[in-house]
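As structure tokens, the structure follows; a few thoughts come after it.
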Amino acid sequence: MLEDWQEKLEREGKVILQVKIKSGASKNQITDIKNGVINISIKAAADKGKANKELLRFLSKQFRVDAGNIKIIKGATTHQKSIKVVI
């Protein structure tokens, strides 16, 4: 599902993602992509940054980069986020 963003990351060394998070889900997964927004379910609750941390770990596995290479650049306290991934 993330092939276009993965290719852009490889070409340009960075990519900005628009994501919408649903916390407290039964498992971590990408549910769908609509209008360039990646909808992701995360197991952790939206409590004290737990969902954000789990989101970064999940995306690091999807993009095969260190979690330190992924930053929330907008929306840290909301369900809609802008995330920067770098190589």
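For the reader, a short list of remarks on this structure follows.
- Value of relative contact order over the chain, rounded to a whole percent, pairs C-alpha under 8 Å and six or more apart: 31 percent
- Here the sum of -39500 (n - 2.57) over DSSP H runs of 4 or more residues, divided by the residues of the chain, equals -8500 deg cm²/dmol at 222 nm, to the nearest 500.
- Taking a straight Cα-Cα cut-off under 16 Å and skipping sequence neighbours fewer than 8 places away in the same chain, the lysines within cross-link reach of Lys50 are Lys20, Lys22, Lys27, Lys71, Lys81.
- Only Lys, Arg, Asp and Glu carry charge here, each on its Cβ (+1 for the first two, -1 for the last two); on that basis the chain has a dipole of about 360 debye about its Cα centre.
- Option label - volume of the Cα convex hull per residue in Å³ computed here, alternatives (1) 80; (2) 91; (3) 117: (1)
- Extension reserve of the Asn35-Arg64 stretch, reckoned as 0.36 nm per residue once the Cα distance is removed: 8.0 nm
Only the coordinates and a few stated rules stand behind these numbers; no lab work does. Please read these numbers as outputs of a predicted model, since none were measured by experiment. Every residue, glycine as well, gets a Cβ built from its backbone with ideal geometry; the counts of neighbours run over all protein chains shown.
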